[in-house]
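For reference, the structure is listed below as structure tokens.
The values are calculated or read from the model by the stated rules, or taken from the named source; none is laboratory data. Fair warning: this is a prediction, and the values are worked out from it, not measured in the lab. Cβ placement follows ideal geometry from the backbone for every residue including glycine, while neighbour counts extend to all protein chains displayed. With ligands, DNA and RNA removed, areas are computed over all heavy atoms of the protein, side chains included. Shrake-Rupley method; radii C 1.70, N 1.55, O 1.52, S 1.80 Å.
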Amino acid sequence: MTTVLDVQRFKDEGKHFAVLTAYDFLSARILDESGIPILLVGDSLGMVMLGHPTTLPVTMEDMLHHAKAVARGARQALLVGDMPFMSYHESTEQAIANAGRFVQEAGMHAVKLEGGGRVVEITRRLTEVGIPVMGHLGLTPQFVHQMGGFKVQGKTDAQAAQILADAKALEEAGAFGLVLEGVPSKLAASVTHALRIPTIGIGAGPATDGQVLVFHDMLGLTTGKAPKFVKRYANLAEDIAHAATSYAEDVRIGKFPGPEHEYSTNGSAPAKDRAEVRYGG
Ligand code: KIV
């Protein structure tokens, strides 16, 4: 199983690594069996799974529901639960209680928190109680209203200096890794070089130690023009639409179900039972 020590080793040995978001049992199992070392149950699920315009409405209960499903599907990957908006902002006690739920109830191995400042102290306390923390700086979607939209961060010298200072503080507080989202490549490179712990970029250029993409973006399930930082490795939205229309057409013209899909009356058992077909034997 991948642990936070392995993630540090990746950086120490100069091995770049991939991270993907995961939100359900079957896709987590596929990604896990494909050897993706870290699966992030991101609060992006609010947008790609639940249809919200931002991540702000996502609750702890939403996160735990999906995190539990991912934990049922994954065996090898390091599982990181994303602390949703307002689940760690009231007090350190609230942060510890909610991070504890990710570990105890949902089988996560670590949590991710957005921001610097007060989050540094929370990171220190979570690490002290044995819950590994992944930081997240730059374009932090939970600050969408404060940032005036989903905008690249760290473009000015002052912003860049603040991100670098927050990154060092999070490392010092015990974070085992750091997501850098939506920052100029040059800044991501200097943060990566300044830190001992690995950085994981999304929209942060090629210099970070790891890269993370949202599952739906990577597979082309999100439609329309992809953000600049996304590479689509499949076009599943098109494939699903094609499969659905083909199925509907087959039903309309009586081509499905065919004889091979029928059960006979002579008592022979179906070749595979439903659980085996659905969950893999
Ligand atoms: O919620 C999420 O999926 C994330 C990643 C994009 C880093 O925070």
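Before moving on, here are some points about what is shown:
- Checking every one of the trypsin sites (Lys or Arg not before Pro) in the stretch 93-199 against DSSP loop status and a limit of 13 other Cβ atoms within 10 Å picks out 151, 155, 196.
- Members of 186/231; 225/255; 68/112; 168/231 lying beyond 24 Å, as alpha-carbon distances in this model show: 225/255; 168/231
- Taking every alpha-carbon pair under 8 Å whose residues sit at least 6 apart, the stretch 1-125 reaches a relative contact order of 24 percent.
- Amide hydrogen proximity for residue 17: with H placed 1.01 Å from N in the peptide plane, the residues at 5 or more positions away or on another chain lying under 5 Å are 210, 211.
- Of all accessible heavy-atom area on the stretch 1-144, the percent that carbon and sulfur account for (1.4 Å): 57
- Highest-fluctuation residue, 239, 32, 82 considered, GNM on the chain with Cα pairs under 10 Å: 239
- The distance from the alpha carbon centre of the stretch 19-55 to that of the stretch 125-193 is 21 Å, rounded to a whole number.
- DSSP-assigned coil residues among trypsin sites (Lys or Arg not before Pro) in the stretch 1-32, each with at most 14 further Cβ atoms within 10 Å: 15
- Residue-count net charge about residue 33 - beta-carbon cut-off 14 Å; Lys, Arg +1, Asp, Glu -1: +2
- Estimated from helices alone, the mean residue ellipticity of the chain at 222 nm is -12500 deg cm²/dmol (sum of -39500 (n - 2.57) over DSSP H runs with n ≥ 4, per residue).
- Rounded, prolate or oblate (a/c below 1.5 giving rounded, otherwise prolate when a/b exceeds b/c) for the chain by Cα gyration tensor: prolate
- Residue by residue, the stretch 74-91 carries 3J(HN,Hα) couplings of 9, 10, 9, 6, 6, 9, 10, x, 8, 6, x, 3, 6, 9, 9, 8, 6, 6 Hz when phi is fed to the Karplus relation 6.51 cos²θ - 1.76 cosθ + 1.60 (θ = phi - 60°); x denotes Gly or Pro.
- Summing charges over neighbours of residue 244, with a neighbour being any other residue whose Cβ is under 12 Å away from its Cβ, gives -4 when K and R count +1 and D and E count -1.
- Solvent-accessible surface ranking, highest first, for 247, 88 at 1.4 angstrom: 247, 88
- Shape category assigned to the stretch 1-129 from the gyration tensor of Cα positions, a/c cut at 1.5: oblate
- In the chain, the sites counted are GluC sites (Glu not before Pro) in DSSP loop states with at most 12 other Cβ atoms within 10 Å, and the longest stretch holding none of them, exclusive of the sites, is 91-261.
- Amide H within-cut-off set for residue 179, under 5 Å, with H built and near neighbours excluded: 135, 136, 137, 200
- Neighbours of residue 258 by Cβ distance under 15 Å: Lys/Arg scored +1, Asp/Glu scored -1, total -2.
- Under a Gaussian network description of the chain, with springs only between Cα atoms under 10 Å, the residue in 42, 51, 154 that fluctuates furthest is 51.
- Rounded to whole numbers, the Karplus 3J(HN,Hα) couplings from phi for the stretch 43-59 are 6, 4, 4, x, 8, 7, 9, 10, x, 7, x, 9, 8, 5, x, 5, 10 Hz, using 6.51 cos²θ - 1.76 cosθ + 1.60 with θ = phi - 60°, and x at Gly and Pro.
- For the chain, a Gaussian network of Cα nodes joined below 10 Å ranks 49, 218, 83 by mean-square fluctuation, and the top entry is 49.
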